1. On the basis of being exposed (fewer than 11 other Cβ atoms within 10 Å of the Cβ), free of Cβ contacts under 8 Å to residues at least 24 places away in the same chain and either part of a loop (DSSP other than H, G, I, E, B) or not small (G, A, S) (or both), does E138 make the cut?
2. Would you point out which residue out of D67, D58, D3, D34 is at positive phi and out of contact with any helix residue (DSSP H, G or I) (no Cβ under 7 Å at 6 or more places or on another chain)?
3. Please verify whether the range 35-49 includes one or more residues that are modelled with pLDDT under 90, farther than 21 Å from D74 by Cα and open to solvent by less than 50 Å² (accessible area, probe 1.4 Å).
4. Consider the range 156-195. How many of its residues are out of contact with any helix residue (DSSP H, G or I) (no Cβ under 9 Å at 6 or more places or on another chain), open to solvent by 40 Å² or more (accessible area, probe 1.4 Å) and either among the polar types (S, T, N, Q) or not in a loop (DSSP other than H, G, I, E, B) (or both)?
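The values are calculated or read from the model by the stated rules, or taken from the named source; none is laboratory data. All values derive from a computational prediction rather than experimental measurement. Cβ placement follows ideal geometry from the backbone for every residue including glycine, while neighbour counts extend to all protein chains displayed. Heavy atoms of the whole protein, side chains included, go into the accessibility calculation; ligands, DNA and RNA do not. Shrake-Rupley method; radii C 1.70, N 1.55, O 1.52, S 1.80 Å.
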Amino acid sequence: MTDQHGELDAALERVIEAARHHLAAVRAAQGRIDDDDVWQAYVALNNASYAYDEQLMDAFGEVTPWDVDSIDPDEADQRFGGLDGAEQNDPHPRVISVRQRRDYRVPSVAALIRAAEAARRDGTPAEDEAAPVEGVGEAVLELLQSGDGSLAALDVPELEPLDGVVMVSEVGAPVDLESFDDDDPVGPFHPAPDDRLVGRLDEHPFLELDDEEHDHAH
């Protein structure tokens with residue numbers, strides 16, 4: 001029993017150490033998605049927790065609250081890719097940049113500002129007074145922020161969509177927003193010398209035919 005207690009203590013220490021290592025990796029990643037170190041630390045913490053749970057069951061018939069299964073690190077790397085088990089000569093790029101532009105005509109500035117102010121009021125606590133929306137640019141930003149953050153938030157009657165374009169490029173590194181001033185209109189969108197344009201998709205608004213054009217088409 002003494003050896004069993006010692007094995008349990010050692011297994012628990014491995015869980016604690018793995019948890020500390022995982023936390024350190026998460027902090028170092030600073031929110032980066034698919035960080036290699038975070039994934040490897042996650043697998044180590046998962047497997048240490050699984051091993052401790054199994055040993056606790058064998059020794060005392062008790063379980064932990066952790067509902068985990070063992071992860072084979074090699075199989076996981078092959079499945080998710082981009083880690084130590086991935087092909088080192090993968091010909092595909094790691095970072096893809098999607099640049100989108102869509103233009104709009106504003107039929108009525110007053111109507112657009114009213115729509116933006118209504119959206120702002122909806123997002124303002126009842127006890128606070130919503131600040132007025134000043135200008136077309138602020139109105140568009142308000143609609144984006146109060147919506148889902150995409151251009152779909154601008155699909156409103158107060159804006160008439162014009163042509164747009166989407167460009168997809170293979171890039172060497174992701175954009176570093178901290179390296180550009182907030183009022184820089186070009187920097188974040190300017191391609192780097194080693195960027196490679198994959199393709200361009202032109203967008204044209206859907207225009208409904210009026211009755212005369214509809215009849216003529218038939």
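1. Answer is no for this residue.
2. D34
3. no
4. 8
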